[in-house]
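A.B. asks: Quick one: the structure is below, questions incoming.
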Amino acid sequence: MTDYKNLKLIASSSPHIRSNEDTRSIMLDVIIAMLPALGMSIYVFGIQALVLTLISVASCLFWEWGYRKLMKKSSSIGDLSAVVTGMLLAFVCPVSLPWWAIVIGAFFSIVVVKQLYGGIGCNFLNPALAGRAILVASYASFMTQWVTPAEKLPIFGSAADVTTGSTPLALMKDGAFNELPTIREMFLGTIGGSLGEVSALALLLGGIYLIIRKVISWQIPVAYIATVAVVSLISAPANIGAVDYMLYSVLGGGLMLGAIFMATDYATSPVTKPGQLIFGIGCGLLTVFIRRFGSYPEGVCYSILIMNCCTWLLDKYIKPTIYGAPKKEKKEAAAK
Amino acid sequence: MNFGKQLKEGLISQNPVLVQLLGMCSTLAITTSFFNGLGMGISVLVILTLSNIFISLLRKIIPNEVRIACYIVVIAGFVTCVDLILKAFVPALSNSLGVFIPLIVVNCIILGRAEAFASKNSVAASAVDGICQGIGYTLVLVIMCVFRELLGSGTFGAGLLGGGELGAAPGLRIIPEQFGIKILTMPVGGFLTLGALIAAMQWALTKANNKKKEAK
């Protein structure tokens with residue numbers, strides 16, 4: 001028999017059915033998805049890739065903890081978002097970057113770009129990419145020094161000792177198409193470039209994992225990569241095959257990394273599906289334009305940052321229609 | 001007239017840059033070295049004081065309908081004087097500040113103080129106001145300069161200290177050159193530094209106000 005006197009009535013507002021998903025579990029999924037790329041970069045660049053990533057993660061955690069402590073706010077390092085930012089920041093830097101530079105980059109990523117705007121979810125730029133942009137502007141010589149993959153770095157070697165070479169994108173920019181690595185090398189990742197961007201295969205694995213786990217939706221990455229592919233295909237230069245050119249454009253540089261891990265950041269990408277498609281297409285167009293007409297060989301970083309700044313516009317003008325509302329009301333709601 | 005109160009207003013509670021948000025253009029543009037900041041700050045201080053005195057003297061003669069034009073004429077006169085004096089005696093500073101010295105004519109701090117203070121107050125009070133607001137402006141410039149120069153280029157007082165001619169001196173090196181966060185010497189760095197300073201100032205002012213309220 002039920003003891004009605006002691007039965008507690010719990011009154012709460014909807015939703016009543018909740019999933020166990022929270023920031024921590026989502027970030028954990030993102031970290032898992034990044035592991036193949038990290039493994040590949042350790043294989044390609046040697047153990048220093050891991051050392052740099054660990055330094056980056058540790059300094060991101062330190063700045064996040066330090067800022068929240070200093071401002072007497074609740075500690076937020078438990079949600080693992082700082083770990084993700086740290087890994088992504090290391091992924092977009094060359095492996096020969098000195099350790100102190102990545103600590104400074106982590107400071108800008110975490111404190112200036114994220115915490116000063118109110119912490120997780122309030123930043124309007126992707127922290128890792130903004131950190132990279134600041135590092136490129138501040139330490140251009142370190143940030144454009146690409147280690148050739150054959151050279152395994154010593155753990156604490158100085159950057160001056162390594163041989164450096166051009167990235168595939170730089171070769172494409174110069175029109176030196178016959179010096180490019182093979183498509184297979186580009187796909188597997190045994191090429192020069194930033195720490196985490198080299199292996200398209202590992203990044204794709206991570207992306208598929210994230211889409212299956214429903215951490216990210218397919219709209220942004222697919223729209224982004226497809227736009228780059230289509231525009232490269234129809235605008236290929238005369239002295240290289242159009243399909244080859246498209247493949248090199250899609251596999252080269254940070255496109256995969258940017259499309260899968262950076263452009264899909266919740267806080268800095270649109271909420272609605274059509275908005276996400278436009279966001280992806282915009283990123284793709286800007287990337288191709290910067291690569292082809294800009295002075296930099298790579299445009300992924302800036303194109304995502306620029307589209308980050310347009311996210312509020314996309315969210316403002318693309319609103320979902322109200323379910324079940326008559327047509328007239330739908331139009332009015334859309335007009336608002 | 002209360003000198004202490006006006007000084008406090010100029011430096012803290014009514015600081016022209018950090019609280020009134022005036023004169024941002026020059027603040028963002030020239031605060032890359034201590035030498036620049038000090039030169040610009042003192043130039044503005046002199047012009048602001050002199051124009052305040054003259055506008056206060058003329059406040060009963062100037063017709064209300066054309067007052068802004070009259071203020072600009074007075075200010076432009078003093079700016080031209082300072083511009084020519086700098087060119088004659090400290091050409092290094094004049095070259096380094098470039099167009100920003102002539103641009104003091106349209107600096108909002110000077111026009112703002114003319115409109116808000118000098119046109120309503122006595123000559124002596126206006127002179128003190130000019131000095132206090134000028135010191136407030138100079139102080140902010142110097143703080144920004146020291147911060148941006150130290151972290152951006154790793155030096156202190158480039159153009160002024162460290163031997164060599166005025167304007168070409170290397171400055172005292174405090175942080176090795178390779179560590180300099182160059183973005184701070186770029187325009188972006190000006191925005192970042194100013195934003196951080198304004199935020200810190202607002203934080204401090206709010207805190208002080210809250211304390212006052214609690215005390216009551």
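The values are calculated or read from the model by the stated rules, or taken from the named source; none is laboratory data. Because the structure is a prediction, the values reported are computed rather than measured. We place every Cβ from the backbone using ideal geometry, glycine too, and count neighbours over all the protein chains shown. SASA here: full protein model, heavy atoms, side chains in, ligands and nucleic acids out. Shrake-Rupley method; radii C 1.70, N 1.55, O 1.52, S 1.80 Å.
A.B. asks: Excluding ligands, DNA and RNA, what is the solvent-accessible area per residue of chain B at a probe of 1.4 Å, expressed in Å²?
C.D. replies: I get 49 Å² per residue for chain B.
A.B. asks: Would you please classify the overall shape of region B:109-216 from the alpha carbon gyration tensor, given that a ≥ b ≥ c denote the square roots of the eigenvalues, rounded means a/c under 1.5, and beyond that prolate means a/b larger than b/c while oblate covers the rest?
C.D. replies: It comes out oblate by the Cα gyration axes.
A.B. asks: Residue by residue through region A:12-26, which ³J(HN,Hα) values in whole Hz follow from phi under the Karplus form 6.51 cos²θ - 1.76 cosθ + 1.60 (θ = phi - 60°), with glycine and proline marked x?
C.D. replies: Once θ is set to phi - 60°, the couplings for region A:12-26 become 9, 7, 5, x, 8, 9, 10, 8, 7, 5, 9, 3, 4, 5, 5 Hz.
A.B. asks: Taking square-rooted eigenvalues a ≥ b ≥ c of the alpha carbon gyration tensor, is region B:3-215 rounded, prolate or oblate, where a/c under 1.5 means rounded and, failing that, a/b exceeding b/c means prolate?
C.D. replies: In terms of gyration-tensor shape, oblate.
A.B. asks: For a test of the definition: using alpha carbon positions, the gyration tensor, and the 1.5 limit on a/c, classify region B:1-119 as rounded, prolate or oblate.
C.D. replies: Because a/c hits 1.5 or more and a/b fails to exceed b/c, region B:1-119 counts as oblate.
A.B. asks: Right, next: In sequence order, what are the phi-derived ³J(HN,Hα) couplings for region B:2-11 according to the Karplus relation 6.51 cos²θ - 1.76 cosθ + 1.60 with θ = phi - 60°, rounded to whole Hz, with x for glycine and proline?
C.D. replies: So the J values, rounded to whole Hz, are 10, 4, x, 5, 5, 5, 5, 4, x, 7.
A.B. asks: Which residue fluctuates the most in chain A, going by a Gaussian network model with Cα springs under 10 Å, if the choices are A:A176, A:A226, A:A128?
C.D. replies: The residue that fluctuates most here is A:A176.
A.B. asks: As a check on your grasp of the helix formula, calculate [θ] at 222 nm for chain B: sum -39500 (n - 2.57) over DSSP H runs of n ≥ 4, divide by the residue count, round to the nearest 500.
C.D. replies: Computed mean residue ellipticity for chain B: -20500 deg cm²/dmol.
A.B. asks: Which whole-Hz couplings ³J(HN,Hα) result when phi for each residue of region B:26-34 is put into the Karplus expression 6.51 cos²θ - 1.76 cosθ + 1.60, θ = phi - 60°, listed in order with x for Gly and Pro?
C.D. replies: Using θ = phi - 60°, the values come out as 5, 4, 6, 7, 9, 7, 9, 8, 3 Hz.
A.B. asks: Would you mind checking which residues have amide H under 5 Å from B:N15's amide H? H placed 1.01 Å from N; only 5 or more apart, or other chain.
C.D. replies: Amide H to amide H, under 5 Å and 5 or more residues apart or across chains, B:N15 pairs with B:Q20.
A.B. asks: Do any residues of region B:179-195 show a loss of at least 30 square angstrom of accessible area between the isolated chain and the full protein assembly, using a 1.4 Å probe, and if so which?
C.D. replies: B:F179, B:I181, B:K182, B:I183, B:L192
A.B. asks: All other residues with a Cβ under 13 Å from the Cβ of B:P91 taken together, and with Lys, Arg as +1 and Asp, Glu as -1, what is their net charge?
C.D. replies: For residues surrounding B:P91, the net value is -1.
A.B. asks: Where in region A:84-119 does accessible area fall by at least 40 Å² between the isolated chain and the complete protein assembly, at a 1.4 Å probe radius?
C.D. replies: Residues losing area: A:W100, A:F108.
A.B. asks: Let me ask you something else. Using a probe radius of 1.4 Å on protein heavy atoms only, what is the accessible area buried between chains B and A, both sides summed, to the nearest 100 Å²?
C.D. replies: 800
A.B. asks: Amide H to amide H under 5 Å from A:S96: which residues, 5+ apart in sequence or cross-chain, H placed 1.01 Å off N in plane?
C.D. replies: Hits under the 5 Å cutoff: A:V147.
A.B. asks: Provide the packing ranking of A:53-62, B:185-194, A:38-47, i.e. peptides ordered by the mean count of other C-beta atoms within 10 Å per residue, highest first.
C.D. replies: By packing density, highest mean first, the sequence is A:53-62, A:38-47, B:185-194.
A.B. asks: Moving to a separate point now. Can you grab the distance from the C-alpha centre of region A:217-237 to the C-alpha centre of region A:33-107, Å, no decimals?
C.D. replies: So the two Cα centres are separated by 29 Å.
A.B. asks: Once Rh for chain A is found with the Kirkwood sum over Cα pairs, what is the Stokes-Einstein diffusion coefficient at 25 °C and 0.890 mPa s, in µm²/s?
C.D. replies: Result for D is 116 µm²/s.
A.B. asks: Oh, and also: Hey, can you find the accessible area per residue of chain A for me, probe 1.4 Å, expressed in square angstrom?
C.D. replies: 50
A.B. asks: What percent does the relative contact order of chain A come to when contacts are Cα pairs within less than 8 Å and at least six residues apart?
C.D. replies: 17
A.B. asks: How large, in percent, is the carbon and sulfur part of the accessible surface of chain A at a probe radius of 1.4 Å?
C.D. replies: 66
A.B. asks: Can you compute the charge dipole magnitude of the protein assembly as shown about its Cα centre, using +1 on each Lys and Arg Cβ and -1 on each Asp and Glu Cβ, nothing else charged? Give it in debye, rounded to the nearest 20.
C.D. replies: 2180
A.B. asks: Continuing with this model, one more query. From the residues B:G134, B:N36, A:Y209, which one has its Cα farthest along the dipole of the protein assembly as shown in the positive direction, the dipole being from +1 and -1 charges on Cβ of Lys/Arg and Asp/Glu about the Cα centre?
C.D. replies: Of B:G134, B:N36, A:Y209, it is B:G134.
A.B. asks: In debye to the nearest 20, how big a dipole does region B:3-215 give about its Cα centre with +1 on each Lys and Arg Cβ and -1 on each Asp and Glu Cβ?
C.D. replies: About 620 debye.
A.B. asks: In whole Å, how far is the Cα centre of region B:54-98 from that of region B:136-195?
C.D. replies: Value for the Cα centre distance between the two parts: 28 Å.
A.B. asks: Under a GNM of chain A (C-alpha, springs under 10 Å), which listed residue has the highest mean-square fluctuation: A:K319, A:K73, A:K114?
C.D. replies: Checking each option, the largest mean-square fluctuation is seen for A:K73.
A.B. asks: A follow-up question, please. Amide H to amide H under 5 Å from A:E197: which residues, 5+ apart in sequence or cross-chain, H placed 1.01 Å off N in plane?
C.D. replies: Distant-sequence amide H within range of A:E197: zero hits.
A.B. asks: Treating the angle as unsigned and between 0 and 90°, give the value, to the nearest 10°, between the Cα long axis of helix B:123-152 and the longest Cα principal axis of chain B.
C.D. replies: With rounding to tens, the tilt is 20 degrees.
A.B. asks: Hey, any idea what % of chain B's accessible area is carbon plus sulfur with a 1.4 Å probe?
C.D. replies: C and S atoms contribute 71 percent here.
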